[in-house]
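The next block holds one structure in the form of structure tokens; read it before the comments.
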Amino acid sequence: MLRRISNCFVITVLAISTTACDRYTELDTQSIEPIVQSTIEAHISVESNLQEINDHFPVTIRNYNFARESIEMTFYRAPERVLAVYQNSVETLLALGLEDKILAAAGLDHDVKLEFAEAFANVNLLDVFAPDRETVIMMQPDFIVSWHSYFNENNLGEVDYWHVNNINTYIKVNSGAVIEGTLENEFQDIINMGKIFNVIDRAEAIVDEIRLEIEQTLQAMDELSYRQRVIIMESRNDNIFIYGENSLAGDMVRALGAELITAEGANITAEGLIALNPDIIFTVYFGSGTDIATANLATNLINDDPRFASLDAVINNRVYAIPLGEIYCSGIRTIDGIRRLAAGIIAE
């Protein structure tokens, strides 16, 4: 490819030189030199860009299929027609400045973050939460990124089907591809997007910002009188689901230097919560971080229940709401989750 362009460059310069000779009576050498210089600079620019692409690709990425088996995919160029399904899939691409690569988006629980609203304005948002395989086939994407649960026969279709048809996929790791949800999985998802689209510097900057936020919180934790005992819970009808140490939420709490009371994610009763008596309760709700009414509803389920009046977290007004999107397969919202958890933990 580079040789072909170089040949074209030589022909162009020769053509310019010949024309210049024929019209020497009309053009002096000072008139010709800017034209030649401009052609040389354009050639160098093209060659430099091509060299950068050649130096980066091919890129091999390790991910998963629907059976949760580890697989490898090779990208020979950056995708140009991306179907992004679910909030963090869409917002990660926007954060990396890749809105022009999004063929279509779907699966938004709420509006994209305000800082991405302008970039998202021209993105094709589908009416369905997750398109089926036949619809996706007609869209002709060259890359599909989503959660594990949507790569089934009733939604996007199996990962293996797309790979047979030379279309790469990416399952967000903490969406169910592995048993243990961790911050490192979120970081790796962001870095992998950076590698796939050759914007690794942007991806690393996002991850570095989150790591810095954790580091600063740990420094603030040194001033607390003792290690805070934390529960992250979700009200499910008559049951209370506790996020355990194998969840992303649990890993966030540990990373911030607090004590996650329960090791295993499980349903417990009201009596069980009373027996645990945490210093801090984070109660999960579905919605954006600016959804005040829904957040208040989540905290009121604890604060207004007379059964929980004796809890230290209730007595000390340390029951906080946190949106699911910030502590489960959170993508770039990971930093929002870290900040929200940190604010509650250090507010002794």
- Message: Based on alpha-carbon centroids, what's the gap between the range 285-320 and the range 138-170 in Å, whole number please?
- Response: 39
- Query: If the chain between Tyr161 and Ala263 were fully stretched, how many nm would it gain, using 0.36 nm times the residue separation less the Cα-Cα distance?
  - Reply: 33.0 nm
- Query: How much net charge surrounds Glu80 when only other residues with a Cβ under 12 Å from its Cβ are counted (Lys, Arg +1; Asp, Glu -1)?
  - Reply: +1
- Item | Shape category assigned to the range 222-348 from the gyration tensor of Cα positions, a/c cut at 1.5 | rounded
- Please report how far the C-alpha centroid of the range 251-279 lies from that of the range 60-85, rounded to the nearest whole angstrom. 35
- Message: At a threshold of 8 angstrom on Cα-Cα distance, excluding pairs fewer than six apart, so keeping six or more, what relative contact order does the range 207-346 reach in percent?
- Response: 26
- Nonlocal amide H pairs with Tyr170, under 5 Å, H built at 1.01 Å: Ile144, Val145, Ser146
- Place a label point 7 angstrom from the Cα of Glu118 along the Cα-to-Cβ direction, then list the residues of the range 70-107 whose backbone nitrogen is under 16 Å away. 94-100
- Query: How much FRET efficiency would the formula 1/(1 + (r/R0)^6) give for Ile292 and Leu224, where r is the Cβ-Cβ distance and R0 is 35 Å, rounded to 0.05?
  - Reply: 0.80
- Item | Computed E for Tyr76/Ala309 - FRET, C-beta separation, R0 51 angstrom, nearest 0.05 | 0.25
- Query: What FRET efficiency would be calculated for the residue pair Ala347, Leu125, taking the C-beta separation as r and a Förster radius of 45 Å, to the nearest 0.05?
  - Reply: 0.75
- Here, Ser149 and Asp100, labelled 7 Å along Cα→Cβ, have an inter-label distance in nm of 3.6
- Cβ-based net charge around Val284, under 14 Å, with every Lys or Arg adding one and every Asp or Glu removing one: -2
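Each value in this text was obtained by applying a stated rule to the coordinates, not by laboratory testing. On a predicted model such as this, the values are computed, not experimentally measured, just so you know. Because the Cβ atoms are built from the backbone with ideal geometry, glycine has one as well, and the counts that use them run over all protein chains shown.
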